[in-house]
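The values are calculated or read from the model by the stated rules, or taken from the named source; none is laboratory data. The shown structure was predicted, so the numbers you read here are calculated from the model rather than taken from an experiment. Using ideal geometry, Cβ is built from the backbone for each residue, glycine included, and neighbour counts are taken over all protein chains shown.
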Amino acid sequence: MIKHSIIILLTVFLLWGCSDSFDRTNPVEVSVTLALPDDLPDAEFDEGEIQFYNISNGTVTSFSAKPKGVNKASLIPGFYNLSFTTEANTESGRILTIRGSKNGLEITAPANIELPTHATVETDDLIISEIFFTGTLQTSGVQYNGDQYIKLYNNTDHVVYADGLCIFESLFLTTQKFNYTPDIIDEAVSVDAVYAIPGNGTDYPVLPGEELLIADIAIDHKTINPNSFDLSHADFEWYDESSDPKNTDIDNPLVPNLDKWYCYTQTIWQLHNRGFKAYGIFRPQYDSAEFLAGHRYTCDYDQVTIAGSFPMQKTGYWIENSSIVDIVNLSVESVYQWNVCTPRLDCGYAFCGTIDGDKTRYFRAVRRKARLDENGVRIMTKTNDSGKDFNSWVIPSEIELQHSSIDAAGNKSTQQTLDGVNMQ
Amino acid sequence: MNYILRILILTIIVFPVAATAGVLKGTILDSSDNSPLIACSVAINPGNSGFATDIDGCFSIRLKPGTYTLKASYVGFDEAVRKITIGSADTSIVIKMTPVQSALKEITVTARESSGATTSSRIDRAAMTHLQPSSFTDLLELVPGNVSQDPAMGSVNSIKLRETGNLGATGESSDNGDYAIGSLGTLFNVDGAPINNDASMQSVGIEANTGRNSVNRGVDMRTLSTDNIESVEIIRGIPSAEYGNLSSGMVNIRRSRKATPFSARFKADGFSKLFFAGKGVAFGQNTLNADISWLDSKVDPRDNLENYKRITASVRAALHFSKPGLITDWNLSGDFTSTVDKAESDPDLSLMKIDSYKSTYDRGSFISSLNFTFPSLKWLGNVQLDFSGSYGKESLRRQRQVAPSRASVAPISTTEGVADGAFLLGEYIADYLSEGKPLTLFGKVKAKGKINALGIMTHEYLAGAEWNMSKNYGRGQVYDPYRPLSASWTSRPRPYSDIPALNVVGAYIEDAMTITAGRNSLELQAGMHLTALAGLDKRYLLAGKPYIDPRLNAVWHFPDTRIAGHNASFLLAAGYGLNTRMPTPDYLFPQKAYLDIIQLNYYDTSNPEELSRVNLRTYINDATNYELRAARNAKWEVRLGADIGRNKFSITYFQEKMNSGFRYATVYAAYDYRSYDASGIIPGTLTAPPDLATLPFADASVLRGYRKAENGTRIDKQGIEFQLNTARWRPLATALTVTGAWFRTRYSNSAMLYEPVSDVIGNTAVSDKYVGLYDTADGRINNQFNTNFMFDTQIPKLGLVFTTTFQCMWFVKTRRLAENGTPVAYISAADGLLHDFDAAMAASDPMLNALIRYYNPDLYNNYTIPTAVYVNFKATKTIGKYMRMALFVNRILDYLPDYTSNGLTIRRSADAYFGMEINLTI
């Protein structure tokens, strides 16, 4: 009897608890004012597009937007990602992509939103054309990840010297956004690994349309894993020298090693094989000693998980945004939370797989979209939106070139593409 | 008009009665103690009137003269029928009712708090039956400070006495070998013989399968079946000086040695099935008991791949010989326990097709306890000779598919010096076996006597000596070093049979004195226990070093008084004692530390199998800490006890301090090696692996660490324990037991710590060059406060006992101790020496600067889990002559309010755990 009463009481409470404190269905009006970039006073801005992406249900509300003045939209209350894109014509005749974005806006009542915008950064340097971070599978189905690589491409019309260019890995995960304090994202990218291309300034020229292959281990991986491929022709490898047999890396004496500036781990540096980090390149105006002495970054944050909220700290280094040449955020849809850099540098993400630990991600890479110009040279897309600039979850170029395995069963790749999608 | 009518009617009705009736006044009492029976139902015929007694057990009724039959009935009592003749005068009657004898008698379903010199909880067979345990672990629910727990059969069950246990950041309990001394230091005695697991070394080497590692953790309570236990005494306070080699408390298990009918028990719950059968027979004054039990449990009922099985068999005899001047009691027992702990991964779900763990444990033991009583001797009461032993076969098999994600190096050399290692180039199946064959022997002699002195004083004294040996004859860790369990394995196989035997010897003397002074009496138990290791190599500090533990317990019994009509007695007790636990063979005789440093790591890209070469310099360090001392715990406590009528109350405040608990700590030193430069080799040009003599090299040194046992653990315990047992409240046949405790436990290190950092700057790992020594605290301070309210209702007439327990964990608090991230000194690879750390100098050297560890100050905030209330229900019902059924539901109701932690609302939920059982007694 008591139990019955409790159940009835509970039911009443539960039903009560279900009543809504505000109406979720009636749209509310929001106004968006665009704050155009200060550094382009004379540019002409085209009419662009404002997009509201509803995070909870995936619906997209988009409309054309006036660059100046107020743009109004009527939205169902919820959480939104707001973005704006347009083009600007400068006096010099250059066409720039102008973007602005704000993620995770909670819209429950009429609101005025000011959206800062910025012109995308123009790069006159090498760019990242491919990241193979997922690794392959052994014939037994167990993962193998010694064959990770990154490719850099000269998308300019002149020779670029790779000497001194540094590869980095972001300190933060794109799948965990916490209240990192101090927040330096508008000024710098925080990193946990930095490796530099050696050379005295002119040792490693890269011709327009040429590519550099930077491998973890530059060996023929087929000798260890028949499903893998040959990377002994790599231009560089990152070698983590250690005298401890617990952390042994392999060095191919024929392939130059990157100069290690810093790494967070004394085991081996591997790319995050579920793709939760951002990778990038930067051209420092300083040497490693100066970097190590002056760029230490320590932050506090609360790690909020299902189990609770835990005070934590992280330590790494920072790289000022102005030195960043290219950065590619990697993530997967089911756990994506944020981009670990300012949207000015990258406002989207590339991916392999759609869920955390996706077993279909192996043997796949992210490759920058390309087309051939009239001379047969690849022109790569670079608008600082990795989601749009990259073909995600595609067969890596090395697997295509070597016709090696595309799955654990050993089925071979037969396709040959420019960027994983476009046929040659 | 109305008023007049009423008076008229009243007059008509009342007057005739009043004129002729007498008043019957009755009191109904319990014949056993003359206490009034409240709300006892009384029926009087003819007249068919029925009513209940008042709070004093009294009633009164007006009756016409005549003869009546009075029938009094009360739950749990035989019905009382009286013939009464009522005249015109008042009649008084006293009826004494007799408690029902035929059905179950009232039983104790809780732990009873001792009123003797030592603070302890005693749990009897009846309480165990009602609790429906699967293993000894479940009994601890009845000890103050504990609440019911779901069985955790997939991990070692270690005992915790008077402590919160190691907690994680969110207050969840977590296993930490650094604080294993808590359970290691708790002695388990079965029929007077200790359970000695010191020589058990079953673990998976460096790949610690943490929850399943029982090394240095004392008794795994999963292995103990409860069904043949007659009573358990859990000593939380200062044990008698008779017991040595313990630092915390002790558990005294006494098994059944009497004629019992054949009984069988079947239990099933969400995790396990249990079967037990046993019988005891008597031959004159001798008895023989035999029983078997079987338990099959799963960690998760949906998962068939992870389970724990236990089989026990026991035969026990008690022989009694008597002749004038000498009574001989000889208790003998033979036991066998076999357990299988198994876990494997599902090949359909896991990438690892083979990933299995199987640990079996078979142990045979015998106990002989010979006791001579001399009734006619004045100074010597009795002499006891105990001898026991056990031999076990333990096997831990770990099989695993290993797929190195790159070519890894397996160091294989078992001698010091330079040698080539092997490359692990492809996938393989690792097969690891740890085989232990522990033998333990125990002997003890004890003499007891009693004298009266001066008429007011009695002395009960005892003295004796004991010897406890453990030795492992197993083949130890057996595996192929070319096929290690993981690609970063650097250990080597080791036979356990090489490890010397450990002999712990002890001697003790104690006097328990009782002084009666008027109506006060004082019990004073004073003694000391000497513990030492015999036959230990002279290099050890412990060799020939005796530890003397003084132990003192005193109880003052105040004169009996009366409070509110009840007899009342009070006692005040206090105790102080030192307790010493000797290290285990694992701590004393650790495996040699193999440190392998790569001198050349050449992987030939053209022909890796034939032409690659890895060359290592191997250092073998004796990881023995010859300075290791015993772990010592100083305890003191005060206790207040009160008995008022049938209500009992006791409250204890205690403090325990230990600074010398065992843990493994890493020590660092610099090691020289030759670093060969293979970058000049052009792959494809070699016809044989590279020759070291032809390669350029540089001599270098690097820091390496290895684990060494040390007395580096500090555990401070503090708390209040209380227990209240009320008298049974007759109308509901219910008694209330309130138990609870507040514990505050500090777990930390007592020595400075080397802590390597993981940063790599340039091509050099910081920890290869510098390792900081930190004067820091790595532990936590935990607080918890709980109270259990158990209502036990017993209706002997119906053969029904049921208990409803409100288990209230008022709070659990944990706080990490503040760390100091700046080292006081650092060891440098360049010279292998410790240097003072200078923060100013470090600022200019990124390598040194990396030694400064940063901690978020919010880490040291308190984490508090607020009140959690669970309601558990248990019932036992006797059905017919042979059968008893029991069921339990833990957490049938719960109250788990949401709480906020660091800005986040935490919701909690609980699942019920339930089961039932049938007991047959034929």
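Among the candidates B:A733, B:A698, B:A727, the residue that is surrounded by fewer than 19 Cβ atoms within 10 Å (Cβ to Cβ), out of contact with any Phe, Trp or Tyr (no Cβ under 7 Å at 6 or more places or on another chain) and away from chain A (no Cβ under 14 Å) is uniquely B:A727.
Looking at B:E242, is it in contact with a helix residue (DSSP H, G or I) (Cβ under 9 Å, 6 or more places away or on another chain) and either charged (D, E, K, R) or assigned to a loop (DSSP other than H, G, I, E, B) (or both)? So B:E242 fails the test. Looking at region A:305-318, is at least one residue crowded, with 17+ Cβ neighbours inside 10 Å, among the aliphatic types (A, V, I, L, M), in a strand (DSSP E or B) and within 14 Å of chain B (Cβ to nearest Cβ)? Yes, that holds for at least one residue.
Among the residues of region B:750-789, those identified as away from chain A (no Cβ under 14 Å), surrounded by fewer than 22 Cβ atoms within 10 Å (Cβ to Cβ), in contact with a Leu (Cβ under 9 Å, 6 or more places away or on another chain) and part of a strand (DSSP E or B) are B:L753, B:Y754, B:L773, B:I781, B:F789. A:A293 meets the stated requirement of being within 11 Å of another protein chain (Cβ to nearest Cβ), touching a Pro at 6+ places or on another chain (Cβ under 7 Å) and either within 23 Å of B:V409 (Cα to Cα) or not polar (S, T, N, Q) (or both).
Taking the listed residues B:D898, B:D858, the one that is surrounded by fewer than 17 Cβ atoms within 10 Å (Cβ to Cβ), free of Cβ contacts under 8 Å to residues at least 12 places away in the same chain, within 14 Å of another protein chain (Cβ to nearest Cβ) and acidic (D, E) is B:D898, with no other qualifying. Of the listed requirements (1) under 20 Å from the mean Cα position of the chain (by Cα); (2) within 14 Å of another protein chain (Cβ to nearest Cβ); (3) without any contact (Cβ under 8 Å) to a residue 60 or more places away in the chain, A:Q148 misses just one: (3). Considered as a group, the residues in region A:147-162 that are in a loop (DSSP other than H, G, I, E, B) and in contact with a strand residue (DSSP E or B) (Cβ under 9 Å, 6 or more places away or on another chain) include one that is surrounded by the most Cβ atoms within 10 Å (Cβ to Cβ), and that residue is A:D147.
In this entry, B:A843 is excluded by the filter for residues that are away from chain A (no Cβ under 14 Å) and either within 26 Å of the chain's Cα centre (by Cα) or not basic (K, R) (or both).
Residues considered: A:R296, A:R368, A:R344. Of these, the only one that is at negative phi, buried (at least 23 other Cβ atoms within 10 Å of the Cβ) and either out of contact with any strand residue (DSSP E or B) (no Cβ under 6 Å at 6 or more places or on another chain) or assigned by TED's automatic domain parsing to the domain that holds A:N225 (or both) is A:R368.
Among the strands (runs of 3 or more DSSP E) confined to region B:398-475, the ones with at least 3 residues that are crowded, with 20+ Cβ neighbours inside 10 Å and in the same structural domain as B:L370 (by TED's automatic domain parsing) are located at B:408-410, B:428-436, B:438-453, B:457-472.
Restricting region A:238-277 to residues that are polar (S, T, N, Q) and under 23 Å from the mean Cα position of the chain (by Cα) leaves a set whose member that is nearest to the other protein chains (Cβ to nearest Cβ) is A:T265. Among the residues of region B:775-789, which ones are modelled with pLDDT of 95 or more and either among the small types (G, A, S) or touching a helix residue (DSSP H, G or I) at 6+ places or on another chain (Cβ under 9 Å) (or both)? Correct list: B:N788 only. Scoring A:N200 on the criteria (1) modelled with pLDDT under 95; (2) within 14 Å of chain B (Cβ to nearest Cβ); (3) out of contact with any Ser or Thr (no Cβ under 9 Å at 6 or more places or on another chain) leaves a single failure, condition (2).
Checked against the criterion of being within 9 Å of chain B (Cβ to nearest Cβ), surrounded by 17 or more Cβ atoms within 10 Å (Cβ to Cβ), aliphatic (A, V, I, L, M) and out of contact with any strand residue (DSSP E or B) (no Cβ under 8 Å at 6 or more places or on another chain), region A:224-237 contains not a single residue that satisfies it. Taking strands (runs of 3 or more DSSP E) as the structural unit, those lying wholly within region B:46-101 and holding at least 1 residues that are of a type in the set (V, I, T) and closer than 30 Å to B:A735 by Cβ correspond to B:80-86, B:91-97.
A quick yes/no check of all residues on (1) surrounded by 23 or more Cβ atoms within 10 Å (Cβ to Cβ); (2) at positive phi; (3) touching a strand residue (DSSP E or B) at 6+ places or on another chain (Cβ under 7 Å); (4) modelled with pLDDT under 95:
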| site | (1), (2), (3), (4) |
| --- | --- |
| B:K592 | no, no, yes, yes |
| B:N601 | yes, no, yes, yes |
| B:N607 | no, no, no, yes |
| B:L611 | no, no, no, yes |
| B:Y619 | no, no, yes, no |
| B:D622 | no, no, no, yes |
| B:Y626 | no, no, no, no |
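Selection within region B:671-692: residues that are of a type in the set (S, T, Y) and over 22 Å from B:I620 (Cα atoms). The member of this set that is farthest from the other protein chains (Cβ to nearest Cβ) is B:T687. Among the residues of region B:548-583, those identified as modelled with pLDDT of 95 or more and not in a strand (DSSP E or B) are B:M582, B:P583.
When region A:320-340 is filtered for residues that are surrounded by fewer than 24 Cβ atoms within 10 Å (Cβ to Cβ) and outside any loop (DSSP other than H, G, I, E, B), the ones remaining, listed by number, are A:E320, A:N321, A:S322, A:S323, A:I324, A:V325. Put simply, of B:A430, B:A407 the only residue that is touching a helix residue (DSSP H, G or I) at 6+ places or on another chain (Cβ under 8 Å) and within 30 Å of B:R613 (Cβ to Cβ) is B:A407.
Of the residues in region A:208-219, at least one is facing chain B (nearest Cβ under 7 Å) and within 30 Å of A:E398 (Cβ to Cβ).
From the list B:A526, B:A564, B:A554, the lone residue that is among the hydrophobic types (A, V, I, L, M, F, W, C) and within 27 Å of B:G443 (Cβ to Cβ) is B:A526. When B:F321, B:F336 are checked against the criterion of being of a type in the set (A, V, I, L, M, F, W, C) and either modelled with pLDDT under 95 or not in a strand (DSSP E or B) (or both), a single residue qualifies: B:F321. Taking the stated definitions as given, is A:T97 within 14 Å of chain B (Cβ to nearest Cβ) and of a type in the set (S, T, N, Q)? Considered against the rule, which asks whether it is within 14 Å of chain B (Cβ to nearest Cβ) and of a type in the set (S, T, N, Q), A:T97 comes out as no. When restricted to residues that are buried (at least 19 other Cβ atoms within 10 Å of the Cβ) and β-branched (V, I, T), region B:652-671 contains 1.
Kindly indicate the residue of region A:341-368 that is part of a loop (DSSP other than H, G, I, E, B) and among the basic types (K, R) and also farthest from the chain's Cα centre (by Cα) among those meeting that condition. Per the criteria, the residue is A:K359.
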